[in-house]
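Have a look at the structure below, then the notes.
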Amino acid sequence: MITACEFGDINMREVDFALAKSCSYMKFDYKIADMNELRLIWEKNIADNPGDPRWPIWRDIYIGYNEKQMATTFIVAADGVPVGEGTLIQSPECGAAIGRPEIADGHSVANVNALRIDKRFEGQHHISRLVRMLEEYARQLGYSRVTIGVEAKEARNLAIYLHWGYTRLVSYYIEDDDSRLKKSKNPIGTVLY
């Protein structure tokens, strides 16, 4: 449990002062989401993407994965309110992994998926902490490798994933006209896909 924000190398001129001040009093928790928290974070995702019909579909899919124990979603909660998430895909039957055992195979390879954080909390290492928890959880489940995906055009995310140790390219494919890279970490750590 973290009891205050860590601003690290954030340029305070770019951070709203009121947020910075209030953030220092916030309590952050990192944990597996219960069904209520999962529904709350997905309702936030839908509200943040008005008019995009894919988000309610994705909500139903990811809640189903969690209910069927095909995936496990972790959250970042600020004062008890979910503000970020990441999902560990374990089953090769989950959308991102179907037909791609190098991404998630259900026994030795799992996939870090759907990493998101409220813009107010970006750059404060919450997603880094969450990814470390996902990796540790994968280790506890017996996985020896973790993969993570990034769109080729997302240079910032790619740099972050490389920094985290996801350095081995395991897959490259085109999805919805976007190039996707999948990387992995061996031992558990990092793989981009």
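The values are calculated or read from the model by the stated rules, or taken from the named source; none is laboratory data. Being a predicted model, the structure only gives us computed values, none of them experimental. A quick note on method: Cβ atoms are made from the backbone with ideal geometry, for glycine too, and the neighbour counts reach across all protein chains shown. Side chains are part of the model used for accessible areas, which takes the heavy atoms of the whole protein and leaves out ligands, DNA and RNA. Shrake-Rupley method; radii C 1.70, N 1.55, O 1.52, S 1.80 Å.
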In whole percent, and with a 1.4 Å probe on the protein chains, what portion of the accessible area of region 88-144 is carbon and sulfur? 52
Filtered trypsin sites (Lys or Arg not before Pro), region 86-156: DSSP coil and at most 15 other beta carbons within 10 Å: K153
So, R0 is 30 Å and r is the distance between the beta-carbons of I98 and R120; what FRET efficiency does that work out to, to 0.05? 0.30
Given charges at Cβ of Lys, Arg, Asp, Glu: region 48-155 dipole, positive-most of Y143, L115, A78: Y143
What nm distance separates the two modelled labels at E67 and E154, each placed 7 Å from Cα along Cα→Cβ? 2.7
